[in-house]
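Undergrad: Structure provided below as structure tokens; questions to follow.
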């Protein structure tokens with residue numbers, strides 16, 4: 001049993017999808033649940049879980065995401081213990097910051113691809129994704145920057161990625177009036193689930 005609040009489905013797939021939450025919501029959010037459902041519908045083993053600070057009822061991480069980065073290692077080991085050999089990480093916002101910290105600490109992890117939904121550009125060390133297939137889906141009205149800002153940050157880090165932009169979407173891919181699901185379904189449909 002995985003030790004954090006989670007959604008888990010084990011399929012007969014060698015691909016495991018790890019879904020990492022954003023900073024302000026956990027697995028109880030409609031967006032994370034839709035990402036989870038989409039990964040399971042692909043026939044993949046899937047795990048989404050709450051970061052420890054979220055499970056404790058705290059508003060944010062306080063240690064620079066160190067604890068959360070270690071949970072990524074734990075969660076990948078859990079997916080491996082359930083038959084997953086290749087890992088696809090789908091990370092919303094803070095999840096991408098946590099993922100890069102985990103990959104810089106543990107480059108041996110079998111992560112083959114990372115998909116970022118709404119990158120908090122200035123907080124994300126893209127060098128953690130140097131040897132990993134990377135897709136970033138960004139709203140044109142994202143408070144952290146649009147697709148061109150993402151491309152500039154990637155270029156500065158020397159990292160290649162597929163960058164997709166959704167017109168008029170904000171950081172949470174809500175619609176123009178802040179309603180959900182807004183562009184969340186569009187973002188999920190843009191995910192390239194293949195691991196090359």
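Undergrad: Can you give the helix-only mean residue ellipticity at 222 nm for the chain, where every DSSP H stretch with n ≥ 4 adds -39500 (n - 2.57) and the sum goes over all residues, rounded to the nearest 500 deg cm²/dmol?
TA: Numbers: 6 runs with 62 residues, N = 196.
The helix contribution divided over the chain gives -9500 deg cm²/dmol.
Undergrad: Based on the alpha-carbon set only, what is the convex hull volume of the chain divided per residue, in Å³? Walk me through the intermediate numbers first.
TA: Numbers: hull volume 20.3 nm³, N = 196.
In the chain, the Cα convex hull volume per residue is 104 Å³.
Undergrad: For Cα pairs less than 8 Å apart in space and 6+ apart in sequence, what is the mean separation divided by the residue count of segment 6-190, i.e. the relative contact order in percent? Don't skip to the answer; put the middle values down first.
TA: Working: 380 pairs, mean separation 32.6, N = 185.
Taking the mean separation of contacting Cα pairs over the length of segment 6-190, I get 18 percent.
Undergrad: Further question: Just for segment 6-190, what percent of DSSP beta bridges are antiparallel, to the closest 5?
TA: On the way: 4 of 31 bridges.
In segment 6-190, DSSP labels about 15 percent of beta bridges as antiparallel.
Undergrad: In addition: May I ask for the distance between the Cα centers of segment 21-80 and segment 142-170, given as a whole number of Å?
TA: Comparing the Cα centres of segment 21-80 and segment 142-170, I get a distance of 23 Å.
Just so you know, all these numbers are worked out from the coordinates, no wet-lab data involved. What you are looking at is a predicted structure, and each value in this text was computed from that prediction instead of being measured.
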